[in-house]
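Below is one structure, written out as structure tokens; the observations come after it.
The values are calculated or read from the model by the stated rules, or taken from the named source; none is laboratory data. In this text the structure is predicted, and so the values were computed from the model without any measurement. A quick note on method: Cβ atoms are made from the backbone with ideal geometry, for glycine too, and the neighbour counts reach across all protein chains shown. Please note that ligands, DNA and RNA were not included when accessible areas were found on the heavy atoms of the full protein model with its side chains. Shrake-Rupley method; radii C 1.70, N 1.55, O 1.52, S 1.80 Å.
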Amino acid sequence: MIRLEKRPQPSRLWTILAPILAVLLTMFVGGLLFAALGANPFEAIRTIFWDPIFNAQFASFTRPQLLVKAAPLILIAIGLSIGFRAGIWNIGAEGQYIMGAICGAAAGLALYPSESVLIFPAMVIAGAFGGWVWAMIPAILKTRVGTNEILVSLMLVYVAETILGSVATGLLRNPEGRGFPGSRNFKQWDAAHNAEIFAGTGMHWGVVFAFIAVIGAYVLLTRHILGYNIRLTGEAPRAARFSGVRPARIVLICLGLSGLLAGMAGLFEVTGPAGQISIDFNSGYGFTAIIVAFLGRLNPIGILLAGLLMALTYIGGELAQLMLGVPGASIQLFQGMLLFFLLGVDVFTNYRLRIGRREIA
């Protein structure tokens with residue numbers, strides 16, 4: 001008889017091995033998927049994980065893109081991980097990302113065509129505020145009337161998408177755009193453009209803030225009493241209450257931080273790589289960041305590495321579509337496999353396999 005037996009405490013070895021095994025299983029099963037689609041599985045895996053970094057034909061373009069793609073994932077995942085550590089499940093970061101982009105873009109466009117150096121900082125603050133406000137809706141509803149933050153935050157994503165479509169075709173539409181949906185292009189407005197700090201590196205202000213968020217989250221969770229209270233709330237809620245931790249305060253702080261960072265990610269994206277508010281601005285970063293958070297074990301350093309890995313699958317996936325003709329949906333499925341296998345393998349962190357008859361006391 002094969003059964004799972006609860007470990008006395010989580011296995012440190014499996015905590016480290018689980019993400020590695022999840023990646024290897026994703027490569028193996030993903031290779032079978034690509035083979036079923038008529039592509040060479042070894043070539044597909046090489047194109048996704050090797051070529052963006054080491055292929056001289058593409059590397060000059062794809063290496064900088066690694067930072068560009070990773071920055072919003074890391075920013076959002078850091079915010080989500082803080083809440084997840086406390087048992088607060090914000091699934092609506094995509095909506096907060098969208099609202100941050102809308103609010104930040106609106107703040108900048110209201111001052112067009114000024115070239116003041118204060119415009120971009122004001123847009124960053126407005127973007128962070130927009131994401132924070134959107135996250136406060138499920139936070140306040142949870143603390144006041146006991147609603148489920150998973151459902152509320154997720155439903156608000158669709159509200160944010162509707163608002164995005166509305167402002168892209170109405171309030172924020174470029175008056176000189178000949179009726180086409182979309183705002184002015186921030187790349188053509190120096191005061192509001194999130195340009196590369198060092199040309200050809202992909203390093204823009206979103207990348208800088210992503211690194212700052214990683215350092216800040218690490219210090220918060222390991223060196224600050226608030227971080228201790230957050231971890232205690234997630235690991236032992238009753239002990240947290242007996243020690244004087246106020247659950248409502250933790251909910252507001254965690255959801256607020258995750259919304260703030262997601263909003264900033266949206267602002268940096270709309271003023272940088274995306275360039276404008278458009279009806280298809282949302283790219284799924286808010287949902288993909290959930291995979292990044294868990295793949296990084298809710299640890300800031302792990303999230304940094306997981307964000308770079310997930311960015312690699314984005315860039316390599318685009319190359320695979322271009323070079324091998326695999327459908328885009330297969331790349332999304334490939335990315336989703338990472339979370340699927342991580343959750344599956346992660347069982348062995350808290351349980352061990354036992355073979356034989358169960359002893360009866």
Exercise. Using a simple spin-label model with points 7 Å from Cα along the Cα→Cβ vector, what separation in nm is obtained for F28 and L353?
Worked result: 1.1
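If R₀ is 45 angstrom, what is the calculated FRET efficiency for the pair L17 and S243, using the beta carbon separation as r and rounding to 0.05? Walk me through the numbers on the way to the answer.
On the way: r = 33 Å, r/R0 = 0.73.
The pair L17/S243 has a calculated efficiency of 0.85.
Where in the chain are the DSSP H helices whose alpha-carbon span along the long axis reaches 18 Å or more and whose Kyte-Doolittle mean is at least -0.5?
Working: long enough: 12-36 (37 Å, 1.98); 59-85 (38 Å, 1.16); 93-109 (24 Å, 0.96); 119-145 (39 Å, 1.39); 149-169 (30 Å, 1.66); 205-223 (26 Å, 1.91); 247-270 (34 Å, 1.70); 300-324 (34 Å, 1.64); 328-345 (26 Å, 1.71).
In the chain, the long hydrophobic H runs are 12-36, 59-85, 93-109, 119-145, 149-169, 205-223, 247-270, 300-324, 328-345.
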Exercise. Which is farthest toward the positive dipole end of the chain among G302, I53, L226, measuring Cα position about the Cα centre, with Cβ charges +1 (Lys, Arg) and -1 (Asp, Glu)?
Worked result: L226
Problem set entry | For segment 66-308, with +1 on Lys and Arg beta carbons and -1 on Asp and Glu, the positive-most of A93, S81, L164 along the dipole | S81
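Highest mean first, what order results for 110-119, 330-339 on Cβ atoms within 10 Å?
Numbers: 110-119: 12.3, 330-339: 18.9.
Highest-to-lowest ranking by the protection proxy: 330-339, 110-119.
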For this session: Using a Förster distance of 41 angstrom, determine the FRET efficiency expected from the C-beta separation of A199 and R223, and round it to 0.05.
Result: 0.70
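In deg cm²/dmol and to the nearest 500, what is the mean residue ellipticity at 222 nm of the chain if only DSSP H runs of at least 4 residues count, each as -39500 (n - 2.57), divided by the residue total? Could you put the intermediate results ahead of the total?
Working: 15 runs with 248 residues, N = 361.
The helix contribution divided over the chain gives -23000 deg cm²/dmol.
Net charge near L17, counting Lys/Arg +1 and Asp/Glu -1 over other residues with Cβ under 12 Å of its Cβ?
Values: positive: R12, R297; negative: D346.
Overall, the nearby charge balance is +1.
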Exercise. For Y351, which sequence-distant residues (separation of 5 or more, or a different chain) have an amide H within less than 5 Å of its own amide H, given hydrogens modelled in the peptide plane?
Worked result: R7
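Let me have the relative contact order for segment 142-226, percent, based on Cα pairs under 8 Å that are six or more residues apart.
Dividing the mean separation by the residue count of segment 142-226 yields 10 percent.
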Problem set entry | Size of charge dipole - the chain - debye, nearest 20, with Cβ of Lys, Arg +1 and Asp, Glu -1, no other charges | 1600
Seminar exercise, completed: Note, I279: beta-carbon cut-off 11 Å, +1 each Lys/Arg, -1 each Asp/Glu, net -1
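For Cα pairs less than 8 Å apart in space and 6+ apart in sequence, what is the mean separation divided by the residue count of the chain, i.e. the relative contact order in percent?
36
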Exercise. If you put +1 on each Lys and Arg Cβ and -1 on each Asp and Glu Cβ, how big is the dipole of segment 13-131 around its Cα centre, in Debye rounded to 20?
Worked result: 200
Problem set entry | Cross-link reach list, lysines versus K69, counting only Cα pairs under 24 Å and skipping chain neighbours closer than eight places | K187
Seminar exercise, completed: For the chain, the per residue accessible area (1.4 Å probe, Å²) is 49
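Which order, highest average first, do 23-31, 247-255 follow once you tally other Cβ atoms within 10 Å for each residue and take the mean per peptide?
Numbers: 23-31: 17.4, 247-255: 20.0.
Top of the packing list down: 247-255, 23-31.
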Seminar exercise, completed: Per DSSP, the loop-located GluC sites (Glu not before Pro) within segment 169-243 having at most 10 other beta carbons within 10 Å are E176
For this session: For the chain, with a Gaussian network of springs between Cα atoms less than 10 Å apart, report the residue from S153, S243, S166 with the top mean-square fluctuation.
Result: S243
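Below 12 angstrom from the Cβ of I315, what's the summed charge of the other residues (Lys, Arg +1; Asp, Glu -1)? Mind dumping the intermediate values first?
Values: positive: R63, K69; negative: D51, E318.
Net of charged neighbours comes to 0.
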